[in-house]
Amino acid sequence: MARAPAIQEIPILDSIDGVPLPREHGHLFGHKEAEQELLDAYRSTRMHHAWILGGPKGVGKATLAFRFARFVLTHPDRNAPEVAQATSLAVPEDSHAARMIAAASHADLLHLKRPWDEKGKRFKKELPVDEVRRTVSFFGSTSAGGTWRICIVDAADDMNASAANALLKVLEEPPERCLFLVLSHNPGRLLPTIRSRCRRLELRRLENQEMYGALHTFGFPPDSGETYSEALMAMADGSPRHAMLAIGGEGQEVATRFFQLVSSLPHVDMSEGHRFADLVASRGADDAWATFLDLARSFLSEQVRKDAQHGARSLVRWAEVWEKVGQAAAAADALNLDRKQVVLNFLKDLRG
């Protein structure tokens, strides 16, 4: 008798091999002030129904969102003694809500993210309007626990125009006892009307000691003796996710060679630049390409910040390079153009 073909498991967006998903663990590294603000708001007489959790990718926005969701669904009565006495949003990992959320099966939690395209065998590039419209049936039904219903938008930056307008509509007419946690890597680019209907909570980049705690907890060994290298910490730029990807792949080599190139500014060895471009832009090197883009944006962001503090004339030039590399990278990915030329043009633009 012929065996039935094995069912192919659908990948999980933004997952890292060996690392539990934000919905699956109760750890929080840093962000104590943000956690306290959410806890205080939940205990208050008037809690805002929608929050934008902003900050760079990989610093813990989703982790904090799921941590808050677990707490709310475990303690739906804001006036309960357990809520008044709580010193954090932590709940036992074996609690009913925690177990259901970890299994992605809690009826009162909706997690919106870019869906898997079975035909193209990859994740869609945008969070489409059909996904956001799932909120209509979700909030239109009765809560399974008769209490809160929570929607996590992960991440709002991925929404297309139709999806953003659909989210705005439900934010304008929120159902009772609903909570929106809108994650954004760049809140300033969200629709002003969405921002005006949400309370904003900015998450910072993690300090090195907080980064070490995250890496150790999830089993990532030091990469240089008993410490993590300066190149790794510089590349990660306060993002445990970036550090984990670097340790698990080519990210560290990409970071080291990137900083070698930019450290010689305004002189850049273009022969080395070509070799670097080959590393990050070759076919199948998607992780290395993503690492390069993260490094480029972090580097330019730091230059803009430094020059803004000192009123330097080069501020405009850095901003122009930022805009140019962003547009070129998006065009290369959308139209399947030569990524190597994007890297080479970026290095040439840095030389001025």
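The values are calculated or read from the model by the stated rules, or taken from the named source; none is laboratory data. Note that the coordinates shown come from a computational prediction; the quantities given were computed from them, not determined experimentally. Here the Cβ is made from the backbone with ideal geometry for all residues, glycine too, and neighbour counts use every protein chain on show.
Taken together, GLY18, GLY26, GLY54, GLY58 contain a single residue that is of a type outside the set (Phe, Trp, Tyr) and either out of contact with any Lys or Arg (no Cβ under 8 Å at 6 or more places or on another chain) or farther than 23 Å from LEU206 by Cβ (or both), which is GLY18.
Only one of the listed residues (LYS61, LYS113, LYS125) is in contact with a strand residue (DSSP E or B) (Cβ under 6 Å, 6 or more places away or on another chain) and touching a residue at least 24 places away in the same chain (Cβ under 8 Å). That residue is LYS61. Of all residues in region 103-140, those satisfying the criterion of being among the aliphatic types (A, V, I, L, M) and touching a helix residue (DSSP H, G or I) at 6+ places or on another chain (Cβ under 9 Å) are ALA107, LEU109, LEU110, LEU112, LEU127, VAL129, VAL132, VAL136.
Would you check which residues across region 165-219 are small (Gly, Ala, Ser), loosely packed, with under 14 Cβ neighbours inside 10 Å and modelled with pLDDT of 95 or more and list them? SER196, the sole residue that qualifies. Taken together, HIS25, HIS106 contain a single residue that is within 18 Å of the chain's Cα centre (by Cα) and either touching a residue at least 40 places away in the same chain (Cβ under 8 Å) or assigned to a loop (DSSP other than H, G, I, E, B) (or both), which is HIS25.
Restricted to region 142-248, the set of strands (runs of 3 or more DSSP E) holding at least 3 residues that are not β-branched (Val, Ile, Thr) comprises 178-184, 199-202. The residue pairs whose first member lies in region 87-98 and is farther than 8 Å from GLY26 by Cα, whose second member is surrounded by fewer than 13 Cβ atoms within 10 Å (Cβ to Cβ), and whose beta carbons are closer than 7 Å, counting only pairs six or more residues apart or on different chains, are ALA98/PRO92. For region 120-141, filtering for residues that are among the charged types (D, E, K, R) and modelled with pLDDT of 85 or more leaves 6.
So, ASP287, is that one more than 22 Å from VAL325 (Cα to Cα) and among the acidic types (Asp, Glu) or not? So ASP287 fails the test.
On the given criteria, is ALA277 under 19 Å from the mean Cα position of the chain (by Cα) and not β-branched (Val, Ile, Thr)? For ALA277, the condition - under 19 Å from the mean Cα position of the chain (by Cα) and not β-branched (Val, Ile, Thr) - is not met.
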